[in-house]
Structures are given as C-alpha cells and as structure tokens.
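The values are calculated or read from the model by the stated rules, or taken from the named source; none is laboratory data. Because the structure is a prediction, the values reported are computed rather than measured. All Cβ positions, even for glycine, are placed from backbone atoms using ideal geometry, and neighbour counts span all protein chains on display.
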Amino acid sequence: MFESRNDGASTEPPLNRRRMRGTSPSSIEPRHRLSSSSNDETNKRRFQRSKYFKDVERAFHLPIQARNLNCKIPTLKIVLLVILLGTFLTLYCSPAIYNTDHPTGSSSRPSLIGRWTRETAGADTRYASLLDISWDQISTAIEKLTDKNEYQGVGLLNFNDNEIDNWKQLFPDSEHVMLHLEHVPHNVTWESLYPEWIDEEEEFEVPTCPFLPQLQIPGKPRLDLIAVKLPCDKSGRWSRDVARLHLQLAAARLAASAKSYHQVRVLFVTECFPIPNLFTCKELITHNGNVWLYEPDLNKLREKARLPVGSCELAVPLKAKEHFYSERAHREAYATILHSAHLYVCGAITAARSIRMAGSTRDFVILVDETISDYHQKGLEDAGWKIHTIQRIRNPKAERDAYNEWNYSKFRLWQLTDYDKIIFIDADLLILRNIDFLFEMPEISATGNNATLFNSGVMVVEPSNCTFQLLMDHINEIESYNGGDQGYLNEIFTWWHRIPKHMNFLKHFWEGDEVEKKEMKTRLFGADPPILYVLHYLGNKPWLCFRDYDCNWNVDILQEFASDVAHRTWWKVHDAMPENLQNFCLLRSKQKAALEWDRRQAEKGNYTDGHWKIEIKDERLKTCFEQFCFWESMLWHWGETNWTDNATVTPSPPGISTSSLPSL
C-alpha cells in the first residue's frame, strides 16, 4: 500500500543517518514561481556570485607590499582575517558541478572543508536514502554496457563519499562528476504540484507550477552515464514523494541535454520502481534487484522534459490545434472496453459515430470478454470497432459479483502493441470535436479528477507488454482509493499531465454550483458548433432513458447528473446513425419497468422539476425485441427479494444489416 501516512519528517535516526554528498538545502523560493523564471533566477544567482568573486579578488590583491613595513599589527590581522574568510566562502559557494577526480582516475579524497560542507548540506532527510547498495548488482548491470571502457564522464547524484569511491573503482578511467542539486523548498508539496483545480480559462490568474531547481549542465567531460540514488520510504507516500520526483526529473533533464548523436544511460539505485512513464520499461536495459539501468530515447525525453512538472499547469493549451498531422497515424487508435456489461454496447456504437462525425479517421479498437454475445459484437463491428476478445482480469480486492470485480480488465489496453499510442475513452461519452491532437501527448495525459488524481475516462496510453506486466506484478499489494481501475492506475502513474477539462467534461452539477455556473454548463452541453471536445455522461445513460427527457430527474440522488440539454445532444448523434445500429439502443422490458418505477416514485414525492408529468412519446416504449414483452407486470412485484428477472435472455438480432458505419 503506497499511502499509509501523511507527509512528514523522515523516520531515519538523525545521528546514524548516512550523509548525502552533492545535495544542499535550497534557498527560500516562492511557492508558485513561474517556470519561465528559472532563467531569471539563474542569471540572478550568476550575477550575485560574479559580484562576490570580484569582492574576494579585491581582498586578495590588497597592495600589502606597497605599504610601509611599519604598519600596525592589528591592521595586518584584519587583512588576514578577510582573506581567510573569503577563502572559506569561496569553497562554500563552489560551482554546482565539480569533478571529484582527474582524467587519470585519481582516487584522492576530497578536502576536509569540502567534505564538511557537503555533509552539512546533505542533512535534508527528504532526499536521504538508507539503502545499503549492493555493488554486485551494480557491477552486473554495467556489464551490459559494452562501451563502458570508452566512457568519458560518469555523473553521480545523491551518493555519499564511500559510495563515490566505489563508483571510481567501477569506472577507473572515467572522470566522476559530482552533481549538485539544490533542494526543493519545504513548502512545495505534492498537493502544490498536483492541485485539485487550476484556473484553466485564466479568468483570475495564470496557473504556474512551483519552481524545481535544475542541475547545471557540465561542459566537460561528456557524461555517458548518470547514476542517481533515490529515496524510498515504503512506510509513507513514496510514489508521491517530492524529493524522489525532483531527483528523477533532474536526471531526465540532464540526460535530455545531451547532443542528439550521443547516447546517455541513466541508472537508478532504489527499492521502489522509478516513474514508469518518465523512464519507460521499453528503455530498460536491465533490472537487477535495486538497480535499474535505462537507455532512454533522448528525443522523447526532451519532449517530456519540456512538460510542466505536475498538473499545476496545462500540458495542452485550452485552445488546442484541431488539425493534427501524424506520420504514424496507422499506429494510433481510439480504444474502449466492454466486460460483463452488454448494456454499454449502444454507448460504444454511438461514441464511434461521434468520433467519425468529429473528423477523425483513426482506428477504433474495442476489448470485449466472452460475456459480450456474437450479436452485440456484430453490431460493434458494423459501427467500425475492431474486436479484440480478452480474458477478464479480476480485481483481487473486490467482492464477488461486485461492480468492480472485473474492472482491472482495463489493464489489457497496454497489450494493444500494434499501436504506439491509444486514446482510451469510456463508452458513455461523445466526442464533439476532434481530439486527434492528443496522440501527440505522452502517457498518462488526462483531466483532473479529485485531490491529486486524474480521471481515467479519457487518457493517453502507450501500449507495452512490460508496462502491462508492471500493472499485474503489483495487483495484490496496491490499494485503489476507489476500489477500481482508476484508483489503481493513479497509484502507478503518479506523474501525469493535465489536459483541459473540456476534453473530458463531466455531465454533472455540483451541489454548490451557483445559478450562473449551472447556466454556463448548460450552454456548453448544447453549444452548436460545439465548444466542448468531449461530453462524459454520468448517472443514468441517455440510451437507458426515454428520449423525451433525462431520466436522472426522477431519482433524487441522481438529479445532480440531470440535463435535458445534454440528453438532446446525445440523441442528435444517435439519430445520425443508420437504423440497423439504432436497433442496439432499443430498451429491454426490464428497463422500461425500471423507468416507470422511478417515474412513479418521483410522482409520489411530487418532485418540483415536474419531469414525471411528461408524456412519453419515445417509439421504443412500444417496441419489443424480447420473448417477454409484458413489462407492466414486472411492476407488480418490483423490489421483492424473491422476484426473478424474466428479461435476462440475450435478445436475438432484429434484422441486422452488414453495412458498416460510413466514414465522414
């Protein structure tokens, strides 16, 4: 379980803690600094340092020789004191990167002052790791590097003195560069990097992420290997640890700074797996115990390095370019999944239609299990979906026959390796505007949900069998906050990228929404031409209601999901489908009875919205395709515990045509 305590000080004993070499407490930074201000801060520090060195230089060049030898002794003492103080401060304010040895491979020990300074700087427990390194594991890993004898430089981050000496023995002919990383201020928390809400429309402020200090890029030597020791406090929130994230992002940015023709390897020493969508398992050369050695794709890493550090800023602009060209369009697809729920077949068919109406020509891929009948699969194929039959994956922490028992089947998305990227969409939404540009985004790109989490209803995924295996490897240990796949994925992919909520806009009115807010949402639901990219239907689904009005109005606890305007938007797409596909949206007898039951309860409660008074004109009310059609009789015993469902037989096809959904 990843989260078992709140943020707090490390549990490591302060006296016995091994000091980290190469890190230092950062100066006080503003909580929300503009990312673009990093250059300003760098220039400011450079200016201050330059000014200081000039002052020291003046101190060293005092014209002592030109003075009268009969000067007073106290004056000479003052001058010597200034020189000594200047020397000490020069050592203390040494550059952010320095060599610990020479090209000859000298293993001379650092000076006493340098060692004392670095050990004092390493006192920040957030960056400390008590892991006892297995050098056999590291030796085994670097044996995979066939060109290691040609390495010019090895960059080391967050290792102590003894560990650095061991690195020198492993690479005796390389220069060892101690990487110095200023620490993140203590007021930068995971919640400030991943806020629940940001002002995406910039009505009141421009969202900005907290500033994370970066490593200085060394001119020489060229770094062939970057090694980093990561903290991993398994008793706490290690997957949402700011220091751990900072170290990995710093290593990624440093590696991404390499010239395009020069390959850089990155090695992590940690008990916990590194961020799986920053350094991917496809790039993993070897994993041995607590050692993870990567050969990252530098072009992709450069793109990731340019992303906001968290969801504190949009990774995609609100007004994104809709005309996106990709040379690998044949390796990109929209995907969804149906398991144990043929009631969503109509939704998936309509979603496919909406994608084509929005202008996309990408493939549609749908994962189905054995509970989806051949009849329903035929309808999905006619709508344009490519069928992939899967074996369901059981959620080991779910109860038998619970709603979430099989929802870990979504992990099968990562096995769609015929594609480089997929945009997963839930089957209960409409694509109102083309979102093909999201294929340009990395895994995981999604809208925010609650707290620091993302909503998995629309997300960018990069299929990979090894990522699928990672998901399966931790299935018994990770606790999902909501008991479902969304909670589990949020524990694996804690580093995610925020896309505007217009790209997964929930049909939902919060209890605290003002009248103006509700009116604004209603306008968005019905805008023509559309403003929203994706409209996500919560509560009772439109195809399970009569088309006359949103049936969420008739259930007290579901009225927050009720919108007749959004309801009509869905039915417009439905009506644009061929009749043979509309047949998959017919109502079962049991559903008709359920709708009438809810209507009667609303009438009994005299709900003020008055939807229960509306006469039903939906032709599906009188259309029956099942063996049992007398749905009114079901109401005689509705709700009784010994009542049986006479309408559960899978219906036979009502004259399905073989014509496919036409392309637009």
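Is it the case, given these coordinates, that residue 563 is farther than 29 Å from residue 586 by Cβ and surrounded by 19 or more Cβ atoms within 10 Å (Cβ to Cβ)? Answer is no for this residue.
Among the residues of the stretch 501-518, is any part of a helix (DSSP H, G or I), free of Cβ contacts under 8 Å to residues at least 40 places away in the same chain and of a type in the set (A, V, I, L, M)?
Taking the stretch 501-518 and keeping what is part of a helix (DSSP H, G or I), we get 501-503, 515-518.
Narrowing the set further to residues that are free of Cβ contacts under 8 Å to residues at least 40 places away in the same chain leaves 515-518.
Restricting the remaining residues to those that are of a type in the set (A, V, I, L, M) gives 515.
Yes.
Hey, does the stretch 310-318 have a residue that's touching a residue at least 24 places away in the same chain (Cβ under 8 Å), within 16 Å of the chain's Cα centre (by Cα) and not in a loop (DSSP other than H, G, I, E, B)? Scanning the stretch 310-318, I find no residue that is touching a residue at least 24 places away in the same chain (Cβ under 8 Å), within 16 Å of the chain's Cα centre (by Cα) and not in a loop (DSSP other than H, G, I, E, B), so the answer is no.
Among the candidates 561, 625, 630, which residue alone is modelled with pLDDT of 95 or more and within 30 Å of residue 371 (Cα to Cα)? Walk me through how you get there before you give the answer.
Values: 625 fails: modelled with pLDDT of 95 or more; 630 fails: modelled with pLDDT of 95 or more.
Only one candidate passes the filter, namely 561.
Here 231, 207, 221 are screened, and the one residue that is buried (at least 20 other Cβ atoms within 10 Å of the Cβ), part of a loop (DSSP other than H, G, I, E, B) and either in contact (Cβ under 8 Å) with a residue 40 or more places away in the chain or in the same structural domain as residue 460 (by TED's automatic domain parsing) (or both) is 231.
Conditions (1) on the phi > 0 side of the Ramachandran plot; (2) among the β-branched types (Val, Ile, Thr); (3) assigned by TED's automatic domain parsing to the domain that holds residue 538, marked per residue:
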| residue | (1), (2), (3) |
| --- | --- |
| 378 | no, no, no |
| 388 | no, no, no |
| 401 | yes, no, no |
| 406 | no, no, no |
| 413 | no, no, no |
| 422 | no, yes, no |
| 432 | no, no, no |
| 439 | no, no, no |
| 484 | no, no, no |
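Among helices (runs of 4 or more DSSP H) entirely within the stretch 126-200, having at least 2 residues that are charged (D, E, K, R) singles out 161-170.
Check the stretch 323-343 and report whether any residue there is within 18 Å of the chain's Cα centre (by Cα) and part of a loop (DSSP other than H, G, I, E, B). No, there is no match, as no residue in the stretch 323-343 is within 18 Å of the chain's Cα centre (by Cα) and part of a loop (DSSP other than H, G, I, E, B). For the stretch 589-598, the condition of being modelled with pLDDT of 95 or more and part of a loop (DSSP other than H, G, I, E, B) holds for none of the residues. Only one entry in 295, 201 is surrounded by fewer than 22 Cβ atoms within 10 Å (Cβ to Cβ), over 26 Å from residue 488 (Cβ atoms) and either among the β-branched types (Val, Ile, Thr) or touching a helix residue (DSSP H, G or I) at 6+ places or on another chain (Cβ under 8 Å) (or both), namely 295.
If you go through the stretch 360-376 one residue at a time, do you hit one that is part of a loop (DSSP other than H, G, I, E, B), farther than 23 Å from residue 490 by Cβ, touching an Asp or Glu at 6+ places or on another chain (Cβ under 8 Å) and among the small types (Gly, Ala, Ser)? Checking the stretch 360-376: at least one residue is part of a loop (DSSP other than H, G, I, E, B), farther than 23 Å from residue 490 by Cβ, touching an Asp or Glu at 6+ places or on another chain (Cβ under 8 Å) and among the small types (Gly, Ala, Ser).
Elements of the type strands (runs of 3 or more DSSP E) sitting completely within the stretch 384-478 and holding at least 1 residues that are farther than 27 Å from residue 533 by Cβ: these cover 385-389.
Which residues, counting only those in the stretch 491-511, are of a type in the set (Phe, Trp, Tyr), in contact with a strand residue (DSSP E or B) (Cβ under 7 Å, 6 or more places away or on another chain) and over 25 Å from residue 479 (Cβ atoms)? I'd like the intermediate steps shown before the answer.
Narrowing the stretch 491-511 to residues of a type in the set (Phe, Trp, Tyr): 493, 495-496, 505, 509-510.
Subset that is in contact with a strand residue (DSSP E or B) (Cβ under 7 Å, 6 or more places away or on another chain): 496, 505.
The answer is 505, and nothing else.
Of all residues being of a type in the set (D, E, K, R) and within 19 Å of residue 499 (Cα to Cα) in the stretch 307-344, which is surrounded by the fewest Cβ atoms within 10 Å (Cβ to Cβ)? Just the residue, please. Only one residue fits best here, namely 319.
Taking the listed residues 433, 412, the one that is basic (Lys, Arg), in contact with a helix residue (DSSP H, G or I) (Cβ under 9 Å, 6 or more places away or on another chain) and farther than 29 Å from residue 566 by Cα is 412, with no other qualifying.
Would you check if residue 247 is out of contact with any Ser or Thr (no Cβ under 8 Å at 6 or more places or on another chain) and modelled with pLDDT of 95 or more? Answer is yes for this residue.
The residue that is modelled with the lowest pLDDT, counting only those in the stretch 206-244 that are out of contact with any Lys or Arg (no Cβ under 7 Å at 6 or more places or on another chain) and among the small types (Gly, Ala, Ser), is 219. Could you go through the stretch 478-495 and let me know if any residue there is of a type in the set (D, E, K, R), without any contact (Cβ under 8 Å) to a residue 12 or more places away in the chain and surrounded by fewer than 15 Cβ atoms within 10 Å (Cβ to Cβ). No, because not a single residue in the stretch 478-495 is of a type in the set (D, E, K, R), without any contact (Cβ under 8 Å) to a residue 12 or more places away in the chain and surrounded by fewer than 15 Cβ atoms within 10 Å (Cβ to Cβ). When the stretch 234-258 is filtered for residues that are assigned to a helix (DSSP H, G or I) and more than 16 Å from residue 492 (Cα to Cα), the ones remaining, listed by number, are 243, 246, 247, 249, 250, 251, 252, 253, 254, 255, 256.
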